[in-house]
Each structure stands twice: as C-alpha cells, then as structure tokens.
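**Student:** This structure is in structure tokens; I'll ask about it shortly.
Taken together, the values in this text are just the output of simple stated rules run on the coordinates, not laboratory data. Given the structure is predicted, the values throughout are model-derived calculations rather than measurements. Cβ sites come from the backbone with ideal geometry, for glycine too, and all protein chains shown count toward neighbours.
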Amino acid sequence: MGSRRTLLTAVVAVVLGPVIAGGCVQMAPAVDYRPDTGDAGTHAPEPAPAGERGTLARGDASWIPPAPQPRAQPPEASPAPRAPATPEAGGTSPQPGGSSPDADQAPLLREFSPAQFVELFYEVDLPNLAPVTSPPPITGDEAADARIRSIAEGRGYRLQAEATGDLVPVDGRPAQPQAAAAWRELAAAAADDGHTILVTSAYRSISHQRDLFLNRLENALGADPHERLDEIAAGEVDDEINSVLRTSSIPGYSKHHTGYALDVWDGNLPMVRFGETAAYEWMSADNFANAKRFGFVPSYPHGVEQQGPMPEEWEFVWVGTDPLHH
C-alpha cells in the first residue's frame with residue numbers, strides 16, 4: 001500500500017510539474033501575520049521600489065503580489081441645505097426689524113402741506129389748556145397796544161390758549177407732560193441715529209412774552225417804548241414794530257403759552273441756524289416723518305404767508321400722533 005502511494009505521488013509530480021512551473025498554480029510566499037507593535041518595518045517585508053511592485057512574472061520566484069490598493073471611499077454626503085421657513089411649512093419668514101408677517105403694521109403717516117401743518121395745531125383738541133378770551137396788554141397804553149396788535153394780527157398772529165395744570169421739565173424747560181414725554185422719545189431716536197437735539201425754550205407765560213417783546217422793541221426803537229407811545233399809536237414806527245414781529249410774538253399770541261411749543265437746537269450752532277444742521281435734516285426729511293412719528297409738526301414752516309413770524313425751523317409743536325396717521 002505504501003509503495004502504491006509513493007508511485008502515485010511520483011506520477012502526479014511528473015504530470016503536474018510543468019503546469020505548476022507554467023504559472024497555473026503559484027503559492028504566495030509566507031507572510032508574517034504577528035500583531036503590529038507599532039513599528040511597521042519590524043514585521044512587514046521590505047517593500048519593492050516604487051513602480052516595480054507586482055511587475056515581475058508570476059513564474060519568477062521573486063514575484064511579490066501587488067500591494068492591495070486602498071478602497072476608494074465614497075465622498076461624505078453634505079447635509080442638504082435647510083429650506084427657509086415659509087408659512088406653508090408652518091414657519092414665519094423673517095421680516096426687517098425682527099417682525100413677522102402677522103405683526104401689526106405701523107399706521108401710515110399722512111402728508112401735509114405747509115399751510116396744513118399750521119392749521120393742524122388749531123384743529124386738534126389738546127388737553128390742559130384755558131382759552132384767552134381777551135388780548136392782554138402790551139405797553140399798557142390802549143391806543144399804542146391797539147396799533148401794535150393790529151400789525152401783529154395782520155401778519156397772521158393768533159390769540160393762543162394758556163397752559164393749565166402741572167408742567168414737567170424737558171431739558172430743564174417746563175412743558176406739557178405729553179409733549180415732554182414725546183420729546184424724550186424723539187431725542188432718543190435722534191441720538192440712535194447720531195444726532196443731538198435739545199430744547200432751549202418751551203412754556204412761556206404771558207408776562208414773560210411781554211418782557212421779551214418790549215425789550216426787543218426797545219432795541220428797535222432805540223428808546224423805551226413807553227417814551228414813544230404817541231408815535232406808536234400814530235403809526236410812525238410801524239417798520240420798527242414789524243421788524244420785531246418777524247421773530248417775536250406779542251403777549252397772548254405765542255404758541256409757547258400752551259406748553260406744547262418747543263424751540264430746539266443741536267447744541268452747536270445757534271438756535272436760529274437749526275435749519276442748517278443735520279439734526280434738522282433728520283427731523284424734516286420725508287415731510288417731517290421723524291417729527292411726526294412722535295406727534296410733532298413744524299410750527300412756522302416755509303411756504304406759508306401771513307402765519308405770524310418768519311419761518312422758524314427751530315420751533316415745533318406737539319399735536320399728538322392720532323391726527324398724523326391715516
């Protein structure tokens with residue numbers, strides 16, 4: 001039995017030897033599979049020079065199988081961009097200023113002509129006012145006062161109501177509480193946009209206005225008005241009176257009596273040059289939109305004839321926000 005097995009092995013060697021040598025069957029050289037210790041050169045065979053690995057004929061005893069190529073990994077999928085929220089998706093599209101489409105829209109501001117701005121102050125019903133039913137004295141001389149008053153009314157000055165109740169300070173000046181509160185909000189909004197706007201005059205009593213007017217008339221006449229009462233009554237100094245009325249009201253006819261009129265400035269240029277400032281531009285742009293947002297309108301705007309004084313860019317009156325919105 002053993003001799004037969006030996007003979008069979010020899011026959012197989014004779015028959016299959018050329019096939020094996022021809023490369024049909026080739027055993028790979030042994031590879032050391034001991035665990036890696038961290039030193040790749042300790043247990044791995046010396047690699048063939050670059051570009052030569054796996055290029056020898058398989059029948060060559062020095063053939064080394066090609067190094068396995070790393071399997072290409074599919075590119076990592078990027079997360080799909082998130083679609084913006086829409087009402088259909090159950091969200092709310094972002095709106096300017098953080099508001100949503102469902103938020104209440106601010107009322108639209110009405111547009112006014114210069115003459116409409118002036119009349120608006122007389123049309124609204126403002127609180128804390130008492131009507132002045134008879135014109136107060138100016139010089140104390142009836143004839144002289146009548147002459148001064150007729151010139152003032154001819155220019156468009158009107159008898160004004162006077163403030164009642166408690167006034168509150170705004171920039172140190174007494175004013176109606178509603179006007180003072182609204183002005184603080186306006187000044188804060190202006191400051192946010194880089195502008196300084198300060199109140200330089202607010203409520204003014206009838207007696208205070210009388211003193212102002214007489215002092216300025218004295219400067220225009222070059223003498224105490226009480227020393228020239230006959231000339232005043234006779235109309236001999238109408239030009240001097242008119243020159244004062246261009247910028248100053250007679251007592252009882254100033255909107256400052258109401259406590260709702262404010263004279264303002266930017267803290268830099270004189271008050272009478274407020275119209276030249278960036279702060280005025282901010283207030284007056286778009287039909288005085290920033291002033292109207294807080295209930296203020298120009299008191300004596302450009303473009304109106306016979307409104308009293310010359311246009312005063314520095315004076316604003318509070319009328320409330322309701323009449324300024326659609």
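**Student:** Assuming 0.36 nm per residue, please report the length gained on full extension of the stretch MET310 to ALA115 beyond their Cα-Cα distance.
**Tutor:** 68.8 nm
**Student:** Hey, can you grab everything whose amide H is under 5 Å from the amide H of HIS325? Only 5+ residues off in sequence or another chain; H modelled, so Pro and N-termini drop out.
**Tutor:** Those qualifying (amide H under 5 Å, at least 5 residues apart or on another chain) are ARG110.
**Student:** Taking a virtual spin label 7 Å from the Cα of GLU236 along the C-beta vector, which residues in the stretch 139-155 bring their backbone nitrogen under 19 Å of it?
**Tutor:** Counting only backbone N, you get 139-149, 151.
**Student:** Through the Karplus equation 6.51 cos²θ - 1.76 cosθ + 1.60, θ set to phi - 60°, convert the phi angles of the stretch 265-280 into ³J(HN,Hα) values in whole Hz; use x for Gly and Pro.
**Tutor:** So the Karplus estimates, Gly and Pro as x, are 8, 9, x, 10, 6, x, 3, 5, 10, 4, x, 8, 9, 5, 5, 5 Hz.
**Student:** Let me ask another. Once you have the Kirkwood Rh of the stretch 114-324 from its Cα pairs, apply Stokes-Einstein at 20 °C and 1.002 mPa s and quote D in µm²/s.
**Tutor:** D = 121 µm²/s.
**Student:** Find out how many positive minus negative residues lie around HIS256, taking Lys and Arg as positive, Asp and Glu as negative, among other residues whose Cβ is under 9 Å from that of HIS256.
**Tutor:** 0
**Student:** Can you tell me the FRET efficiency between SER205 and LEU108 if r is taken as the Cβ-Cβ distance and R0 is 35 Å, rounded to the nearest 0.05?
**Tutor:** Taking R0 as 35 Å, the efficiency between SER205 and LEU108 is 0.35.
**Student:** I'd like the chymotrypsin sites (Phe, Trp or Tyr not before Pro) in the stretch 163-237 restricted to DSSP loop residues with at most 16 other Cβ atoms within 10 Å, sorted by number.
**Tutor:** Passing sites in the stretch 163-237 do not exist.
**Student:** Just to check I understand the Karplus step: with θ = phi - 60° and J = 6.51 cos²θ - 1.76 cosθ + 1.60, what whole-Hz values come out for the stretch 195-212, glycine and proline as x?
**Tutor:** 10, 9, 9, 10, 8, 10, 7, 9, 5, 9, 6, 5, 5, 5, 5, 4, 4, 4
**Student:** Name the GluC sites (Glu not before Pro) in the stretch 186-288 that are in a loop by DSSP and that have at most 13 other C-beta atoms within 10 Å, would you?
**Tutor:** GLU236
**Student:** 5 Å is the cut-off here: which amide hydrogens, built 1.01 Å from N in the peptide plane, fall below it relative to THR200, excluding neighbours closer than 5 in sequence?
**Tutor:** For THR200, whose amide H was placed from the backbone, the distant partners under 5 Å are ASP263, VAL264, TRP265.
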